[in-house]
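> The following block contains the structure, expressed as structure tokens.
The values are calculated or read from the model by the stated rules, or taken from the named source; none is laboratory data. Quick caveat: nothing in here was measured; it's all calculated off a predicted structure. Ideal geometry is used to build each Cβ from the backbone, glycine not excepted, and the neighbour counts take in all protein chains shown. Just so you know, the surface numbers come from the protein's heavy atoms only, side chains and all, with ligands and any DNA or RNA stripped out. Shrake-Rupley method; radii C 1.70, N 1.55, O 1.52, S 1.80 Å.
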There are 2 protein chains.
Amino acid sequence: MLGAGASLSRLLRRYPPQFLQKRLLRGGRLRVREALSAQPQGCDVRVQGWVRSVRSQKEVLFLDINDGTSLQNLQVVADPKLESRDLCFGSSVDVQGKLVKSHHRKQNVELQAEDIRVVGSCDSIAFPFKLKERHAADYVRQFPHLRCKTNRFSSLLRIRSEATAAIHSYFQDNGYVHIHTPVISSNDCEGAGELFQVETPSKPSEPGGNSHFFDVPAFLTVSGQLHLEVVAGAFSRVFTFGPTFRAENSQSRRHLAEFYMVEAEISFTESIQDIMQEMENLFKVATAAILSRCHEDVELFHKYVAPGHKDKLDHMLKNKFVIMSYSEAIEVLKKAPEVFSFKPEVAAVDLLVPEVGELYGGSLREERLHILQSRLDRLGLLDTYQWYLELRQFGTVPHGGFGMGFERYLQCILGVDNIKDVIPFPRFSHSCLL
Amino acid sequence: MLGAGASLSRLLRRYPPQFLQKRLLRGGRLRVREALSAQPQGCDVRVQGWVRSVRSQKEVLFLDINDGTSLQNLQVVADPKLESRDLCFGSSVDVQGKLVKSHHRKQNVELQAEDIRVVGSCDSIAFPFKLKERHAADYVRQFPHLRCKTNRFSSLLRIRSEATAAIHSYFQDNGYVHIHTPVISSNDCEGAGELFQVETPSKPSEPGGNSHFFDVPAFLTVSGQLHLEVVAGAFSRVFTFGPTFRAENSQSRRHLAEFYMVEAEISFTESIQDIMQEMENLFKVATAAILSRCHEDVELFHKYVAPGHKDKLDHMLKNKFVIMSYSEAIEVLKKAPEVFSFKPEVAAVDLLVPEVGELYGGSLREERLHILQSRLDRLGLLDTYQWYLELRQFGTVPHGGFGMGFERYLQCILGVDNIKDVIPFPRFSHSCLL
């Protein structure tokens with residue numbers, strides 16, 4: 001846990017003092033994160049959230065409340081007569097009172113309640129999570145509609161949100177244009193078989209004929225690469241960050257049917273080294289931003305979920321990524337589980353991370369028209385990919401790019417073992433809950 | 001067009017002077033946008049891009065080159081002996097030379113070429129776009145793999161990228177947590193029929209039995225609302241920004257099968273006025289950011305695509321959005337095409353914009369357990385939506401939210417008539433190109 005001072009300085013970046021002041025002057029509602037960072041002067045405030053703990057003593061009632069804006073709770077101190085039967089772990093409350101300096105070592109402020117209204121009660125018998133119990137990840141995963149109410153998963157969601165923002169910022173700051181590549185596609189970019197098909201549900205009453213909604217078979221995208229290559233014909237740097245799909249019949253801790261990919265394409269590049277440098281920069285800059293913005297949340301993972309992982313991550317961040325051939329990589333990975341390494345082959349590269357596996361894949365693209373032509377001809381795909389050939393006829397440039405699995409990235413920085421625990425609503429073989 | 005001074009100050013926000021200086025000292029590559037904003041001192045630079053015009057005179061050769069970083073081109077001045085047969089509109093080039101102050105009124109700098117290498121030639125007979133011709137939108141749309149090479153569409157892509165960033169920033173600055181709601185879902189949130197089904201392609205060789213990949217029928221999402229409601233059970237403010245789908249059998253200028261939605265959900269809100277205020281704030285803050293960051297690109301639309309639209313947009317930005325009943329709205333919309341208005345009904349609201357139609361929809365959600373129970377019971381959906389009912393059993397709170405169609409938003413600020421012209425790769429009935 002950070003001290004209140006450090007927490008305050010981080011918060012004030014987001015909530016400037018004038019803003020807090022205005023809210024306080026209006027006697028208005030404060031979010032928990034705002035309250036924790038305020039200079040308490042006995043102002044009248046109103047805070048709403050969910051009860052994370054209740055301790056009823058003879059003379060005083062303590063509540064911890066949380067509204068998702070911070071891992072840290074706001075302590076509420078009240079007269080025991082404000083207690084009610086519905087005031088329990090999991091219930092939602094609306095508290096009015098005065099924000100004052102706390103005498104406790106662990107917190108800067110506390111809320112002296114004048115009124116506590118239970119907004120929504122919580123059936124504590126049926127509620128799957130219990131006060132002060134640390135539930136196993138396998139257990140929590142069974143409740144996709146409720147797991148955001150646990151500390152661990154709410155931290156994960158805040159980190160995921162900040163990681164998304166950090167990745168967007170990295171690309172923006174480096175002159176990339178963001179492109180929404182399509183989810184529905186008539187291509188199969190990777191040539192693999194694991195595709196989901198998209199169709200309107202069959203309507204038996206309709207007469208026969210062409211039954212495809214798009215006239216052609218359509219699939220969920222497995223990569224935005226080809227579409228980024230289109231745009232890389234007019235932009236020097238482009239990226240996409242969106243959902244991709246594999247109909248892989250696996251329920252393993254490594255696979256999802258729907259996951260997120262960060263993909264970038266760079267024009268006028270003739271060197272795989274440039275691509276590797278960009279992959280390394282993205283990893284390091286985004287991770288540094290997350291560590292600085294979500295310190296407490298990341299710490300929860302490094303302390304309780306994957307002890308020892310922090311050292312591995314620090315090692316990755318401090319050292320230049322290692323470049324080695326495929327056979328070297330295999331040997332090293334066998335021996336030293338903490339090594340982080342690029343594996344370049346001809347003009348392609350993978351970034352391998354122990355425990356997570358392939359985090360990035362990158363390559364220079366084939367831009368020579370006659371080679372593409374003869375390959376597509378052999379595959380019988382000349383007509384289908386005529387548009388792709390045309391990209392090489394009208395001002396083609398050497399280009400290359402990479403893709404990074406976003407969930408694997410989160411696993412890699414947090415030390416989370418199961419990919420289903422780093423995405424809000426996991427979809428995989430035999431499971432599409434909610 | 002902005003003057004070079006204004007352009008420079010905007011650019012330096014993104015590329016600080018030290019950064020440019022480092023690049024220049026290295027004699028390194030500059031992007032067009034960087035070159036345009038540099039203080040030219042005769043440094044050796046290298047710029048790569050696509051040729052937007054060639055003017056060959058007896059004593060001097062002029063090129064305009066563009067690399068997608070800016071609407072404005074960089075002028076290259078060269079000895080006519082550097083001209084080659086392949087140097088034409090659409091070809092890609094790598095130019096080395098000195099960056100110097102330009103004597104032309106319209107530009108700050110120009111590049112005195114010492115070497116011009118054609119990287120990729122352009123078959124100008126086959127190339128669908130011609131130098132100095134302004135092509136109709138209907139024509140350009142036929143070339144989804146090449147249209148990013150036109151001024152208009154490259155401006156659109158830059159604006160779309162900045163709009164995406166501006167929307168993310170708005171939510172981040174206002175304490176929202178970003179949630180990736182799933183694309184594949186077993187729900188039909190809006191209860192409408194226009195769904196795409198997702199399945200693995202049928203494999204006739206496999207034996208019968210349960211053929212669903214997810215065990216249950218799965219669909220492409222029509223809204224992230226229900227999933228945001230899940231997370232709103234632990235977070236005071238959440239949002240999502242991703243693809244949504246409708247299998248609508250329409251090729252009209254208003255409909256896409258795949259489009260983007262911005263959706264937000266706010267906990268502890270009991271007033272539709274709060275939701276409306278948030279909708280209005282998002283619109284105004286994001287639009288102001290786009291107008292400031294993409295001034296030239298937006299100006300292209302307001303000047304050449306939708307003359308007169310700028311005044312309508314200014315009117316929207318300067319005035320409080322009008323709130324009126326459904327019948328009032330109909331009357332006003334009939335009479336005054338430029339009015340921008342909310343249409344609240346009971347606890348729901350639409351934001352209607354002339355020419356675009358429904359831009360936003362918002363509502364307070366039903367949080368009373370017994371009412372939801374009896375409704376779901378009547379529909380025979382009690383089992384399917386048990387999880388949704390449970391959200392109301394464990395610390396429920398009054399909440400509400402809204403959704404904004406991102407493409408309609410872009411149409412609304414730019415004055416673009418056809419929704420297919422504001423998305424990189426449009427998908428609609430009978431069409432899934434690339």
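> Which of the lysines could be linked to A:Lys58 by a straight reach, that is with a Cα gap under 25 Å, when you skip same-chain ones fewer than 8 residues away?
Those lysines meeting the cut-off are A:Lys81, A:Lys98, A:Lys101, A:Lys106, A:Lys130, A:Lys132.
> Per residue of segment B:165-181, what does 6.51 cos²θ - 1.76 cosθ + 1.60 with θ = phi - 60° give for ³J(HN,Hα)? Whole Hz please, x for Gly and Pro, Karplus curve as stated.
Going residue by residue, I get 5, 5, 5, 4, 4, 3, 5, 4, 5, 10, x, 8, 9, 7, 10, 7, 6 Hz, with x marking Gly and Pro.
> Within 10 Å of each Cβ in A:235-246, how many Cβ atoms from other chains are there, averaged over the peptide?
Working: counts 12, 11, 4, 5, 1, 1, 1, 5, 6, 1, 3, 0.
Mean partner-chain Cβ count within 10 Å for A:235-246: 4.
> How much accessible area per residue does segment B:15-127 have, counting only protein heavy atoms and a probe of 1.4 Å, in square angstrom?
Details: 5380 Å² over 113 residues.
Value returned for segment B:15-127: 48 Å² of accessible area per residue.
> With θ set to phi - 60°, apply the Karplus curve 6.51 cos²θ - 1.76 cosθ + 1.60 along segment B:139-153 and write out the HN-Hα couplings as whole Hz, x wherever there is a Gly or Pro.
Along segment B:139-153, the couplings run 6, 4, 4, 6, 10, x, 8, 10, 5, 5, 7, 8, 4, 4, 6 Hz.
> Rounded if a/c is under 1.5, else prolate if a/b beats b/c, else oblate: with a ≥ b ≥ c from the C-alpha gyration tensor eigenvalues square-rooted, which is segment A:19-175?
Cα axes put segment A:19-175 in the oblate bin.
> Which residues, if any, in segment B:395-416 have at least 30 Å² less accessible area in the whole protein complex than in the isolated chain, probe 1.4 Å?
B:Gly395, B:Thr396
> I need the peptides A:365-375, A:157-167 ranked by packing, meaning the mean over residues of other C-beta atoms within 10 angstrom, with the highest value on top.
On the way: A:365-375: 13.8, A:157-167: 22.5.
Highest to lowest by the protection proxy: A:157-167, A:365-375.
> Quick one: which residues, 5 or more positions from A:Leu359 or on another chain, have an amide H under 5 Å from its amide H? H modelled 1.01 Å from N in the peptide plane, none for Pro or chain starts.
Excluding prolines and chain starts, which carry no amide H, the hits are A:Leu351, A:Leu352, A:Val353.
> Cut-off 10 angstrom, C-alpha nodes, Gaussian network model of chain B. Which of B:Val198, B:Val397, B:Val118 fluctuates the most?
B:Val198
> Let me ask another. To the nearest 500 deg cm²/dmol, what mean residue ellipticity at 222 nm is calculated for chain A from DSSP H runs of n ≥ 4 alone, each contributing -39,500 (n - 2.57), summed and divided by the residues? Write out the running numbers ahead of the final one.
Numbers: 13 runs with 133 residues, N = 434.
It comes out at -9000 deg cm²/dmol, rounded to the nearest 500.
> State, to one decimal in nm and shortest first, how far the label point of A:Ile371 sits from each corresponding label point in the other identical copies (label point: 7 angstrom along Cα-to-Cβ).
Relative to the other copies, A:Ile371 has label-point distances of 6.5 nm.
> Once A and B are treated as a pair rather than alone, how much accessible area drops out, both sides summed, in Å² to 100, probe 1.4 Å?
Values: alone 22320 and 22370 Å², together 36270 Å².
Counting protein atoms only, the buried area is about 8400 Å².
> Same structure again: Indicate the residues belonging to segment A:114-157 that lose 40 Å² or more of solvent-accessible heavy-atom surface (probe 1.4 Å) upon moving from the chain alone to the assembly of all protein chains, ignoring ligands and nucleic acids.
Buried by the other chains: A:Val119, A:His145, A:Cys148, A:Lys149, A:Leu157.
> Quick query: amide H of B:Asp215 versus all other amide H atoms, modeled in the peptide plane; which residues come in under 5 Å with a sequence gap of 5 or more or a different chain?
Hits under the 5 Å cutoff: A:His430.
> Which whole number gives the average, over all residues in A:170-179, of C-beta atoms from other chains lying within 10 Å of the residue C-beta?
Averaged over the peptide's residues, the number is 5.
> How big is the antiparallel share of DSSP beta bridges in segment B:139-421, given as a percent to the nearest 5? Mind dumping the intermediate values first?
Numbers: 36 of 40 bridges.
Bridges in segment B:139-421 are about 90 percent antiparallel.
> Can you give the convex hull volume of the alpha carbon atoms of segment B:63-135 per residue, in Å³? Write down the numbers at each step before the final one.
Values: hull volume 8.2 nm³, N = 73.
Given the Cα convex hull of segment B:63-135, per-residue volume reads 113 Å³.
> Near A:Lys320, which lysines are there with a Cα under 28 Å away, not counting those fewer than 8 places off in the same chain?
A:Lys320 reaches A:Lys284, A:Lys303, A:Lys310, A:Lys312, A:Lys334, A:Lys335, A:Lys343, B:Lys22.
> Here's another thing I want to ask about it. Go ahead and set up a Gaussian network model of chain A, Cα springs under 10 Å, then flag whichever of A:Lys149, A:Lys318, A:Lys101 fluctuates most.
A:Lys318
> Still on this model: GNM, chain A, Cα, under 10 Å: largest mean-square fluctuation among A:Thr384, A:Thr240, A:Thr200?
Residue with maximal mean-square fluctuation among A:Thr384, A:Thr240, A:Thr200: A:Thr200.
> Let me see the pair-distance distribution of the protein assembly as shown: every alpha carbon pair, 10 Å bin width, integer percents in order.
Taking every Cα pair in the protein assembly as shown, the percentages come to 2, 11, 21, 25, 21, 13, 5, 1, 0, 0.
> Now, a different point. For segment A:275-325 and segment A:351-414, what is the separation of their Cα centres, given in Å?
26 Å
> Would you pull out the residues with amide H under 5 Å of A:Val177's amide H, same chain only if 5 or more places away, H placed 1.01 Å from N?
A:Arg237, A:Val238, A:Phe239
> Oh, and also: Any idea what the B:Ser292 label distances to the other copies are, label 7 Å down the Cα→Cβ vector, nm, shortest first?
Counterpart label points of B:Ser292 in the remaining copies fall at 2.1 nm.
> Please report, as a whole percent, how much of the solvent-accessible surface of chain B comes from carbon and sulfur atoms (probe radius 1.4 Å). Write down the numbers at each step before the final one.
Working: 9170 of 18150 Å².
Whole-percent figure for carbon plus sulfur exposure: 51.
> Would you mind listing how long segment A:139-421 runs along its three principal axes, going by Cα atoms, in whole Å with the largest first?
Ordered largest first, segment A:139-421 gives principal extents of 59, 53, 37 Å.
> Any idea what the A:Leu317 label distances to the other copies are, label 7 Å down the Cα→Cβ vector, nm, shortest first?
3.9
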